[in-house]
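Engineer: Here it is, the structure in full.
Just so it is clear, none of the values below were taken in a lab; they were calculated from the coordinates. Note that the structure is a prediction, hence the values are computed from the model and not measured. Every residue, glycine as well, gets a Cβ built from its backbone with ideal geometry; the counts of neighbours run over all protein chains shown.
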Amino acid sequence: MVTVSQPIAGRIVEISVSAGDRVTSGQVLARFDPLALQAEFARAEARLIAGEAAAFEAEVALSRVMRAGSPGPTYQGPFDDKAAADLDDARGVAEARVATAAAEVAARETAYRLSYRRLKQGVVRAPFNGIVVS
């Protein structure tokens, strides 16, 4: 005898079996209310997309700073010490923003995957063939 449970909390909206029913592995036993799980997943997806956009903006800003420090067609000689220091500071800030944005995207990807997993856990399935006791 095995107790079947899910690692999520919520309101069960459907129970598909009764005591004494024969079940097969993978058969749906019950369903949780999907609305809250779907909303959580949609929020996680939106946050991931926003994080990816922020990461892209940070990369664009870094590339602009890097181009500002590269000799181009209007290059007229070396920067003075203050301009070079300002450029180094701007590059450091831009690199830090890229790293922060990348870490944020990684965290949001994890939250997205977890919410997707929780969404899938909203359906309780029989782990193997058997008979429902209670």
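Engineer: What does the charge count around residue 62 come to, taking other residues whose C-beta lies under 15 Å from its C-beta (Lys +1, Arg +1, Asp -1, Glu -1)?
Structural biologist: So the environment of residue 62 carries a net charge of -1.
Engineer: Identify the residues of the range 100-131 with backbone N under 17 Å of a label point that sits 7 angstrom from the Cα of residue 45 along the Cα-to-Cβ direction, or state none.
Structural biologist: 108-122
Engineer: State, to one decimal in nm, how far the label point of residue 133 lies from the label point of residue 116, with both points 7 Å from Cα in the Cβ direction.
Structural biologist: Once both label points are built, they end up 3.7 nm from each other.
Engineer: Shifting gears a bit: Under a crude label model (7 Å from the Cα following the beta-carbon direction), how far is residue 86 from residue 12 in nanometres?
Structural biologist: Going from the residue 86 label point to the residue 12 one covers 6.8 nm.
Engineer: What number comes out for the charge environment of residue 16, summing +1 per Lys or Arg and -1 per Asp or Glu over other residues with Cβ under 13 Å away?
Structural biologist: Around residue 16, the surrounding residues sum to +1.
Engineer: Next up: With Cα Rg over 2.2 N^0.38 Å defined as stated, name the option among (1) 0.98; (2) 1.88; (3) 1.33 computed from the structure displayed.
Structural biologist: Entry (2).
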